[in-house]
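J.: My questions will all concern the structure given below.
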Amino acid sequence: MANYKPDLSCQSKFIPVDFSQQIMPGTFEYALAHIVEDHLDLSGFDRWYHNDKTGAAAYPPSVMLKIILFAYSRGLISSRKIANACETNITFMSLSGDVQPHFTSIAGFVAKMKDQIEPLFTQVLLICDREGLIGRNMFAIDGCKIKSNASKEWSGTFE
């Protein structure tokens, strides 16, 4: 009878992870982290937090912005899915510094800070353009749905 080594695929393994080395230069997440940390003015968020003497520590706006902007770029718009990604996805863990905000914290940040977040989208695009990260062929930030009359039965026919 043949003697095979055991299959240990169902076993857990502890692997040391250095989060600072998980985001590679030249990737979107590296550029996003660099822009949020080094180029955006996030001082507008400070006036919303009055917890310097009492209250729990808040998540840094830079961390929340990095995970939210990265999630939106990947099509994740649900705060529950973003919170789950912060617990299970190594890229989200690296962007957040292994901070795992609850989905209510993510949803509350987006709802309460929407007026501060909206101008940052423009700043990010201007910085990307200045750094040569945008191809200038076509760039769309609008995700609106437009009603049309192109049904599956008529599209693709010669008529």
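The values are calculated or read from the model by the stated rules, or taken from the named source; none is laboratory data. Given the structure is predicted, the values throughout are model-derived calculations rather than measurements. Cβ placement follows ideal geometry from the backbone for every residue including glycine, while neighbour counts extend to all protein chains displayed. Areas reflect the complete protein model, heavy atoms only, side chains present, ligands, DNA and RNA absent. Shrake-Rupley method; radii C 1.70, N 1.55, O 1.52, S 1.80 Å.
J.: In the stretch 4-14, is there at least one residue being of a type outside the set (A, V, I, L, M, F, W, C) and surrounded by 14 or more Cβ atoms within 10 Å (Cβ to Cβ)?
T.: For the stretch 4-14, residues of a type outside the set (A, V, I, L, M, F, W, C) and surrounded by 14 or more Cβ atoms within 10 Å (Cβ to Cβ): absent.
J.: Looking at the stretch 106-117, which of its residues are exposed (fewer than 12 other Cβ atoms within 10 Å of the Cβ) and under 15 Å from the mean Cα position of the chain (by Cα)?
T.: None - no residue of the stretch 106-117 is exposed (fewer than 12 other Cβ atoms within 10 Å of the Cβ) and under 15 Å from the mean Cα position of the chain (by Cα), so the list stays empty.
J.: Go through the stretch 15-35 and report how many residues are open to solvent by less than 100 Å² (accessible area, probe 1.4 Å), in a helix (DSSP H, G or I), under 18 Å from V99 (Cβ atoms) and not aromatic (F, W, Y).
T.: So the answer is 4.
J.: Same structure, new question: How many residues are within 22 Å of D115 (Cβ to Cβ), basic (K, R) and surrounded by 15 or more Cβ atoms within 10 Å (Cβ to Cβ) if we restrict to the stretch 37-86?
T.: 1
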